[in-house]
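> Attaching a single structure in structure tokens format; questions to follow.
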Amino acid sequence: MTKSNPGRFFEDFAKGETIAHATPRTLSEADAALNIALTGARYAFFSADSFAQNCGLPGAPIDPLLVFHTVFGKTVPDISLNAVANLGYAEGRFLTPVYPGDTLNAVSEVLGVKANSNGKTGIVTVRTDGFNQDGAPVLSYVRWVMVNKRDEAAPTADAPPITPKPAVAAADLLLPLGLDFTGYDFDLAGGPHGFDDYEVGERIDHVDGMTVEEAEHQLATRLYQNTAKVHFDALAQQGSRFGKRLIYGGVAISLARALAFNGLANAQLMLAINAGRHVNPLFAGDTLYAWSEVLAKEDLGEAGALRLRLVALKNRSAAGFTARTEAGEYDPGVVLDFDYWAAIPKR
Amino acid sequence: MTKSNPGRFFEDFAKGETIAHATPRTLSEADAALNIALTGARYAFFSADSFAQNCGLPGAPIDPLLVFHTVFGKTVPDISLNAVANLGYAEGRFLTPVYPGDTLNAVSEVLGVKANSNGKTGIVTVRTDGFNQDGAPVLSYVRWVMVNKRDEAAPTADAPPITPKPAVAAADLLLPLGLDFTGYDFDLAGGPHGFDDYEVGERIDHVDGMTVEEAEHQLATRLYQNTAKVHFDALAQQGSRFGKRLIYGGVAISLARALAFNGLANAQLMLAINAGRHVNPLFAGDTLYAWSEVLAKEDLGEAGALRLRLVALKNRSAAGFTARTEAGEYDPGVVLDFDYWAAIPKR
Amino acid sequence: MTKSNPGRFFEDFAKGETIAHATPRTLSEADAALNIALTGARYAFFSADSFAQNCGLPGAPIDPLLVFHTVFGKTVPDISLNAVANLGYAEGRFLTPVYPGDTLNAVSEVLGVKANSNGKTGIVTVRTDGFNQDGAPVLSYVRWVMVNKRDEAAPTADAPPITPKPAVAAADLLLPLGLDFTGYDFDLAGGPHGFDDYEVGERIDHVDGMTVEEAEHQLATRLYQNTAKVHFDALAQQGSRFGKRLIYGGVAISLARALAFNGLANAQLMLAINAGRHVNPLFAGDTLYAWSEVLAKEDLGEAGALRLRLVALKNRSAAGFTARTEAGEYDPGVVLDFDYWAAIPKR
């Protein structure tokens, strides 16, 4: 019997089961620098110790999305090695900031399993929790994924999860301990707009575009120790639906967030992931554009929070704020529809 | 009104104006390692703490060119987002060494503006100063750039700058505090030649070539948080003069300097940038070669200084020392003509 | 006379000669992170301080293969700049673990020279020793390489080396000081199999594949400060036997070892390189697969050791365990045949 891991198939998941994921990972200033090199991110909080210190933190924390990708990467060998599609995220909360030197682990609980009527696949829903070396939770989120069955004839329990909440409640948003926006420097941050300058319903075209190369998304996805074959094995992908390597959805999220700096420079600190869907695949050679919409605002006292919709498009400008067609379908150019909360200083 | 930054146009610049640039950046050992991975640099000073310590420094400083690119990158959103061409540099001096952990900021002063007769563009000259977290100046340089007008009909002040000096005077060169070449190890540095071995007028073919990939220059340019669209947006560039992404000129400078190790291994420490011109564009797929000429020598007491001309060529060997044609025009293969001072130990 | 280094030719090597190599290099957490990004390695020892500390070490050591590539890279300008082919390795031992902050140097001794009958080339055998900043040996290995003669008419001494041993004896394997597998966490390491689960003769298909891009192998090879032109100069390579850039063999070793995680997750710590041959060239665009065979087992007391053969294939699945044809020749799909010892915990 082979010692290599074939990954779990749909019938291997049981509701209520807990899975401890492998390969703890110490994040360092190198991951922060690589994150900048791979995405072009310019949010000052994650770029400069002095900026973060001026806001009450001990130094520049690791970008929450990098924390997310690192935790997510750990789950892939156990959850989604045989996944057909990563369907969505919900109820994502960043709980403790991660700093260079922290080591991340991850554990998932199976919230539900639901066989598809085709008998070939099913949907697995898990809650994944990420922890630092002290056991403090750094991130918790729900994810659902369509997974192949190993054996179409295998019996499958139908134990669907409770429906996740459409958004994280403002009362559940956690600001990093010690955060203090009193001395926030808007000039250094790169944008003049604070909490009061944004209105619900406002849309922002982030203007800039980023063309993605195979080497770039592979470097990023390996940095996250995400092993999903679809991102790396061009030969095997020749026989796939798309005929080529697929870019990890997390790369699209991080690139779109980096583009969103242009218009949202002060909405630096992601606090929660309300929802996220990878609507269409992104491939090397595609150019990514992004626009945002302010979905809600919430005064958290020492800071404001914006609920933002981030839509990423491939190979078409974001100036038209493209999302769904009149028929309600996603436009084929839409890559990502992502809904999150971010902290933002009041002026 | 949109919150994204359209960048300044020519008529937005006023002589004497000061611009504080965004996104402070803490450089770390990761930036040093990425600099090696991206350029192939082998200068021992920036590669090994022990080598630098043996020369009186607290540890390996950050390569001055990486400091330059980082400071330069900060100026792009404010100065050259709508630039047609980056015309040149002058009066560049490295003032305080930068070490891992230091955080860089940048401020520019507009030295002059001069409209072009075509009514569409103008030339903006700025002095940019980079500072560390203690406010100590790390770098100061002058740069001029051709910028589009937003509105051709807009009136434009003609306030040209004073002409920059052709070269930094030897008396203005600053050696890093504590630098001591007494125990300099030529074997470990990788070359036998010291100050006395070089003669004014001498030319050196650096022999090796480096082919550049899209992923590489994009990684480097994002690491510098340089956002100029021409480097990243292949789709938008299809409509440009070149039809493709342009490589940031700083990438050519760093690659050529890395190639120059082969013949100038001990001219490690760049002290000043006298002049620099990006003569022809560099594209992914091009192979870069380089040659140097010794323009001047100066005995600084505890060290020597060489004034060096570094010429980078694309897709042709440097063995012929190609630069200008007989008619005085640059050969189309010349990418870079760069003039700098570097410290070098006496034997 | 030019100051650039043309590299040594066959007639420049003399048996018994010692060569101190240039460019000491301080490895940092950045090199560890880049190693993960470039290879996809998931061995927990090199990924998480906490995991290594739980096994008695002060923190995550640098992956021994990264140490090997760094030391190897230093030898290239002196040994193999004019090499036709890197023929093999033997007697490689990892002696002291390397940690972030350590600085590596390298020295080689010429063990033998043997002219080829064609009069154009010869084989040079060297022992290379790597040292840290305290002068402690970190790695020692023998390598032989075919080198061009500068002048076919030059007389050549025939001073062949003693034949290297076919494998490092188990008694010569050194476990890192303080290593203690008592509390080893198999779940966190990502595989259930310990020393007792493997049998001599057992073969493991590592299943996953990795497609390599030009930017990736160039980044890796520059990170190792390996300057061999064949990896970087696409223009010069147009005139070569292959017509394109060749991927540094060390990249194939590291990629294959990263793939081997899937089946050998606990054989994390490479202790020795018994033998290694780059059988066929690897090019950008190729997809790498790997399989392993257990050649021997040795109980080292506090840990077990597996002697493993690692075979890397290009563009064909490893499921068939392809190596040599019936005629005894290597299959053209075989890229690497590598023989090493790794420590593995007993359950």
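> Using the Karplus equation 6.51 cos²θ - 1.76 cosθ + 1.60 (θ = phi - 60°), what ³J(HN,Hα) coupling, rounded to whole Hz, does each residue of the range A:202-208 give in order, writing x for Gly and Pro?
Values per residue, Gly and Pro as x: 5, 10, 10, 7, 7, 6, 5 Hz.
> Order the peptides C:253-262, B:291-300 from the highest to the lowest mean number of other Cβ atoms within 10 Å of their residues.
Details: C:253-262: 26.5, B:291-300: 18.7.
Peptide ranking by packing, descending: C:253-262, B:291-300.
> How much net charge surrounds residue C:24 when only other residues with a Cβ under 11 Å from its Cβ are counted (Lys, Arg +1; Asp, Glu -1)? Please list the in-between numbers first.
Values: positive: B:42, C:25, C:74; negative: B:49, B:185, B:187, C:102.
My count for the surroundings of residue C:24 gives -1.
> What whole-number distance in Å separates the alpha-carbon centres of the range C:280-306 and the range A:208-224?
First find each Cα centre; the distance between them is then 29 Å.
> Give me P(r) over the range A:47-95, computed from all C-alpha to C-alpha distances, binned every 10 Å, as integer percentages.
20, 37, 24, 15, 3
> On to the next question. Using only the Cα atoms of the range C:117-189, what are the Rg and Dmax in Å?
Cα only, the range C:117-189: 20.2, 63 Å (Rg, Dmax).
> Tell me the angle of helix B:214-223 to the major Cα principal axis of chain B, expressed in degrees between 0 and 90 and rounded to the nearest ten.
That works out to roughly 90 degrees.
> Sticking with the crude label model, points 7 Å out along Cα→Cβ, report the distance from residue B:150 to residue C:152 in nm, one decimal please.
Spacing of the two 7 Å Cα→Cβ label points: 7.1 nm.
> May I ask for the equivalent-ellipsoid semi-axes of the range B:60-123, computed as the square root of five times each C-alpha gyration tensor eigenvalue and listed largest first in whole Å?
Numbers: eigenvalues 171, 27, 20 Å².
Semi-axes, largest first: 29, 12, 10 Å.
> Rounded to the nearest 100 Å², what is the sum over both chains of accessible area buried where B meets C, with a probe of 1.4 Å? If you can, show how the numbers build up before the last one.
Working: alone 14670 and 14680 Å², together 26410 Å².
What B and C bury together is about 2900 Å².
> How many partner chain Cβ atoms sit within 10 Å of a residue's Cβ in peptide B:191-203, on average, as a whole number?
Numbers: counts 4, 2, 1, 0, 0, 0, 1, 1, 0, 0, 0, 2, 2.
The shielding value for this peptide is 1.
> Per residue, how much accessible area does the protein assembly as shown have with a 1.4 Å probe, in Å²?
Numbers: 35320 Å² over 1041 residues.
That works out to 34 Å² for each residue.
> Would you please put A:206-217, C:85-96 in order of how densely packed they are, using the mean number of other Cβ atoms within 10 angstrom per residue and starting with the highest? Can you show the working numbers first?
On the way: A:206-217: 24.7, C:85-96: 20.2.
Per-residue mean Cβ counts within 10 Å order the peptides as A:206-217, C:85-96.
> Same structure, new question: Let's see if you can work this out: charge +1 on each Lys and Arg Cβ, -1 on each Asp and Glu Cβ, no other charges. What is the dipole magnitude of the protein assembly as shown about its Cα centre, in debye to the nearest 20?
Working: 90 positive and 120 negative charges, 418 e Å.
Computed about the Cα centre, the dipole is about 2000 debye.
> Taking every pair of alpha-carbon atoms in chain A, what share in percent sits in each 20 Å bin, from 0 to the bin with the longest distance?
Taking all Cα pairs of chain A, the binned fractions are 31, 60, 9, 0 percent.
> Which FRET efficiency value, to the nearest 0.05, do you get for residue A:177 and residue C:325 by plugging their Cβ-Cβ distance into 1/(1 + (r/R0)^6) with R0 = 45 Å?
0.10
> Under the definition of partner shielding as Cβ atoms of other protein chains within 10 Å of a residue Cβ, what is the mean value for peptide C:225-236?
Working: counts 8, 2, 8, 1, 4, 0, 3, 9, 8, 9, 12, 6.
What the average comes to for C:225-236 is 6.
> With θ taken as phi - 60° and the coefficients 6.51, -1.76 and 1.60, list the Karplus ³J(HN,Hα) couplings across the range A:173-188 in order, rounded to whole Hz; mark glycine and proline as x.
7, 10, 7, x, 4, x, 4, 9, 8, 3, x, 4, 9, 5, 5, 5
> What residues of the range A:259-291 lie in the reach of a label at residue A:297, counting those whose backbone N is under 17 Å from a point 7 Å from the Cα along Cα→Cβ?
So the set is A:263-268.
> Quick check: at a probe of 1.4 Å, how many percent of the accessible area of the protein assembly as shown sits on carbon and sulfur atoms? Working shown, then result.
Numbers: 18120 of 35320 Å².
Whole-percent figure for carbon plus sulfur exposure: 51.
> Please report, in whole Å³, the volume per residue of the convex hull around the C-alpha atoms of the protein assembly as shown. Walk me through the intermediate numbers first.
Numbers: hull volume 175.7 nm³, N = 1041.
Hull volume normalised by residue count: 169 Å³.
> Rounded to the nearest 0.05, what FRET efficiency do residue C:14 and residue C:133 have when you use their Cβ-Cβ distance and R0 = 30 Å? Each step should come with its number before you reach the end.
Values: r = 30 Å, r/R0 = 0.99.
That pair, residue C:14 with residue C:133, gives E of 0.50.
> If one takes the longest principal axis of the Cα atoms in chain A, at what angle in degrees, from 0 to 90 and to the nearest 10, does the Cα axis of helix A:29-39 lie?
For helix A:29-39, the angle is close to 80 degrees.
> Among A:13-19, A:107-113, how do they line up from the highest to the lowest mean number of other beta-carbon atoms within 10 Å? Intermediate results must be reported in sequence, preceding the final value.
On the way: A:13-19: 14.3, A:107-113: 19.9.
Going by the mean number of other Cβ atoms within 10 Å, highest first, we get A:107-113, A:13-19.
> Among the listed pairs B:114/B:165; A:314/B:120; C:74/C:297; B:314/C:74, give every one whose C-alpha distance is greater than 22 Å. If you can, show how the numbers build up before the last one.
Details: B:114/B:165 18 Å; A:314/B:120 32 Å; C:74/C:297 33 Å; B:314/C:74 27 Å.
Result: A:314/B:120; C:74/C:297; B:314/C:74 exceed 22 Å.
> Any idea which of B:342, B:218, B:228 is furthest toward the positive side of the dipole for chain B, if Lys and Arg beta-carbons carry +1 and Asp and Glu beta-carbons -1?
B:228
> Measuring nothing but label to label, 7 Å from Cα along Cα→Cβ, what are residue C:133's distances to the other copies in nm, shortest first?
Between copies, matching label points for residue C:133 lie 2.0, 2.0 nm apart.
> Express the relative contact order of chain A as a whole percentage, based on alpha carbon pairs under 8 Å and six or more residues apart in sequence.
Relative contact order comes out at 20 percent.
> What percent of all Cα-Cα pairs in the range C:1-159 falls in each 5 Å bin, counting up from 0?
With 5 Å bins starting at 0, P(r) equals 2, 9, 17, 18, 16, 13, 10, 7, 5, 3, 1, 0, 0.
> Tell me what chain C gives for mean residue ellipticity at 222 nm when only DSSP H runs of n ≥ 4 count, each as -39,500 (n - 2.57), the sum divided by the residue total, rounded to 500 deg cm²/dmol. All intermediate terms of the calculation are to be shown ahead of the outcome.
Working: 8 runs with 61 residues, N = 347.
Theoretical 222 nm ellipticity from helices: -4500 deg cm²/dmol.
> Next up: By how many degrees, 0 to 90 and rounded to 10, does the Cα axis of helix C:64-75 deviate from the longest principal axis of chain C?
Roughly 10 degrees between the two axes.
> Per residue of C:14-21, count partner chain C-beta atoms within 10 Å of its C-beta, then hand back the mean as an integer. Mind dumping the intermediate values first?
Values: counts 0, 0, 0, 0, 0, 1, 3, 3.
For this peptide, the per-residue mean of nearby foreign Cβ atoms is 1.
> Given a 1.4 Å probe and heavy atoms of the protein chains only, how would you sort C:165, A:149, B:244, largest accessible area at the top?
C:165, B:244, A:149
> Follow-up question, since we're still on this one. For the range C:46-177, with the dipole built from +1 on Lys and Arg beta-carbon atoms and -1 on Asp and Glu ones, taken about the Cα centre, which of C:83, C:131, C:73 lies farthest toward the positive end?
The Cα lying farthest towards the positive end belongs to C:83.
The values are calculated or read from the model by the stated rules, or taken from the named source; none is laboratory data. What you see is a predicted model, and the numbers here were worked out from it, not measured in a lab. Positions of Cβ are backbone-derived with ideal geometry, glycine not excepted, and every protein chain shown enters the neighbour counts. Note: accessible area is taken over every heavy atom of the protein model, side chains too, but ligands, DNA and RNA are not part of it. Shrake-Rupley method; radii C 1.70, N 1.55, O 1.52, S 1.80 Å.
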